[in-house]
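Colleague: The structure follows.
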Amino acid sequence: MKPVILTSDSVCDLPEDLRRELGVKVIPLTVVEGEEPFKDGLGITPDQIYERYEKEGLLPKTTAISPQEFLDFFGPLVEEGYEVVHLDISAKLSGTYQNACIAAGELEGVYVIDTCHLSTSMGLMLLEGARLRDEGRSAREITEHLEAFKEKLVTTFVVDNLEFIWKGGRCSGVTALGANLLKIRPCLGMQEGELKVGKKYRGSMEKVYEQYIRDVLSLKNIDTRAGVLVHSGGIDPEVLARMEALVRELVSFDTLYVARAGCTVSSHCGPGTLGVLFALQ
């Protein structure tokens, strides 16, 4: 049986040190600022995106990874003797998954998964995949397990500045908030691969974060092996520390990761976004 390597697009938002520890390789999406393209995580930061928006009102665009880029990424791994299990952002949010499938069709032993999620829910899938890889499971077995595991994931977050996600067009339900756009802080969540508007909060962001955390962690049968507190920056460090403490108080995760979203996710959700992501048993 060939060794297995786990790969993902950059939307997984796993911290670089954890990616190295897990042996995960990441291929970046492209972020276009004005006329200048950057690779997600290379040459541009989320804070620079926010600064330009404040000064010029300009939001970047993100583009899917092309089939040729995927061939150039997968090809050397296959030549080294690996089978590849690759994870992509939900196909309903990006063409990246379809392009990965095109490339995989030209190679042997590349398994591509439409995660139907984004951000660190993809990271939780990578953690689960790494556990199975280390147990000696085959690429096909890992793929089959992760296809089932993704159905257990809970991907939600609350947004401070709705203009980013509204203008980015990734959640049609945000448009329906109409004149209240800047007064409501909704909980957004992934359902069947799409972003949907859930509970709507009002008040200061610190109070919104706290109520959101209490609401989402009231779910039954949470898988306590791992959870992620993910944010997009723009949150006072003391507030973020209090929210982390609250998560730890409410659920005793074996490991709680704190991660900052990369450029792709940040360019669509804006500063002040926070989510607690986990799986159910």
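Colleague: Show the residue pairs that are 6+ apart or on different chains and have beta-carbon atoms under 9 Å apart, the first residue being within region 242-270 and free of Cβ contacts under 8 Å to residues at least 24 places away in the same chain, the second being among the basic types (K, R).
Modeller: So the pair list comes out empty.
Colleague: How many of the residues in region 239-281 are in a loop (DSSP other than H, G, I, E, B) and in contact with a Leu (Cβ under 7 Å, 6 or more places away or on another chain)?
Modeller: Let us first name the residues in region 239-281 that are in a loop (DSSP other than H, G, I, E, B), namely 251-254, 261-262, 270-273, 281.
Filter once more, keeping what is in contact with a Leu (Cβ under 7 Å, 6 or more places away or on another chain): 251.
Residues flagged as in a loop (DSSP other than H, G, I, E, B) and in contact with a Leu (Cβ under 7 Å, 6 or more places away or on another chain) within region 239-281 amount to 1.
Colleague: Let me ask another. I want to confirm something. Restricting to region 267-281 and keeping residues that are out of contact with any Phe, Trp or Tyr (no Cβ under 8 Å at 6 or more places or on another chain) and closer than 15 Å to N221 by Cβ, which single residue is surrounded by the fewest Cβ atoms within 10 Å (Cβ to Cβ)?
Modeller: Ranking the qualifying residues of region 267-281, first place goes to Q281.
Colleague: Do we have any residue at all in region 198-208 that's touching a His at 6+ places or on another chain (Cβ under 6 Å) and at pLDDT 95 or above?
Modeller: Scanning region 198-208, I find no residue that is touching a His at 6+ places or on another chain (Cβ under 6 Å) and at pLDDT 95 or above, so the answer is no.
Colleague: Count, please, the residues in region 44-66 that happen to be in a loop (DSSP other than H, G, I, E, B), within 20 Å of the chain's Cα centre (by Cα) and not β-branched (V, I, T).
Modeller: So the answer is 4.
Colleague: Regarding region 126-147, can at least one residue be identified that is free of Cβ contacts under 8 Å to residues at least 12 places away in the same chain and either in the same structural domain as Q191 (by TED's automatic domain parsing) or under 20 Å from K92 (Cα atoms) (or both)?
Modeller: Taking every residue of region 126-147 in turn, none turns out to be free of Cβ contacts under 8 Å to residues at least 12 places away in the same chain and either in the same structural domain as Q191 (by TED's automatic domain parsing) or under 20 Å from K92 (Cα atoms) (or both).
Colleague: OK, next. Whether any residue in region 206-229 is β-branched (V, I, T), more than 16 Å from M122 (Cα to Cα) and surrounded by fewer than 17 Cβ atoms within 10 Å (Cβ to Cβ) is what I want to check. Walk me through it before giving the result.
Modeller: Initially, region 206-229 is screened for residues β-branched (V, I, T), giving 208, 213, 216, 222, 224, 228.
Filter again for more than 16 Å from M122 (Cα to Cα), leaving 208, 213, 216, 222, 224.
Still in the running and surrounded by fewer than 17 Cβ atoms within 10 Å (Cβ to Cβ): 224.
Yes, region 206-229 has at least one match.
Colleague: Same structure again: Hey, can you tell me all the residues within region 215-238 that are of a type in the set (V, I, T) and either part of a strand (DSSP E or B) or under 15 Å from the mean Cα position of the chain (by Cα) (or both)?
Modeller: Listed by number, the residues that qualify are I222, T224, V228, V230.
Colleague: Given V159, V154, V112, which one is within 24 Å of L188 (Cα to Cα) and touching a Cys at 6+ places or on another chain (Cβ under 9 Å)?
Modeller: V159
Colleague: Has region 205-213 got at least one residue that is free of Cβ contacts under 8 Å to residues at least 40 places away in the same chain, touching a helix residue (DSSP H, G or I) at 6+ places or on another chain (Cβ under 8 Å) and in a helix (DSSP H, G or I)?
Modeller: The answer is yes; a qualifying residue exists.
Colleague: If L42 satisfies every condition in (1) crowded, with 24+ Cβ neighbours inside 10 Å; (2) without any contact (Cβ under 8 Å) to a residue 24 or more places away in the chain but one, which is the exception?
Modeller: (1)
Colleague: Something else: Being out of contact with any Phe, Trp or Tyr (no Cβ under 8 Å at 6 or more places or on another chain), touching a residue at least 40 places away in the same chain (Cβ under 8 Å) and in a strand (DSSP E or B) is the filter here, so list the residues in region 185-204 that pass it.
Modeller: Correct list: M190, E194, L195, G198.
Colleague: Please specify each residue of region 143-171 satisfying the condition of being modelled with pLDDT under 95 and of a type in the set (D, E, K, R).
Modeller: D160, E163, K167, R170
Colleague: Which residue, of V31, V11, is touching a helix residue (DSSP H, G or I) at 6+ places or on another chain (Cβ under 7 Å) and either in a strand (DSSP E or B) or over 14 Å from V265 (Cβ atoms) (or both)?
Modeller: Result: V31 is the single residue among V31, V11 that is touching a helix residue (DSSP H, G or I) at 6+ places or on another chain (Cβ under 7 Å) and either in a strand (DSSP E or B) or over 14 Å from V265 (Cβ atoms) (or both).
Colleague: Only one of these is surrounded by 14 or more Cβ atoms within 10 Å (Cβ to Cβ) and on the phi > 0 side of the Ramachandran plot: S66, S119. Name it.
Modeller: Only one candidate qualifies: S119.
The values are calculated or read from the model by the stated rules, or taken from the named source; none is laboratory data. As the structure is a prediction and not an experimental result, all values here were calculated from the model. Every residue, glycine among them, receives a Cβ derived from its backbone with ideal geometry; neighbour counts consider all protein chains shown.
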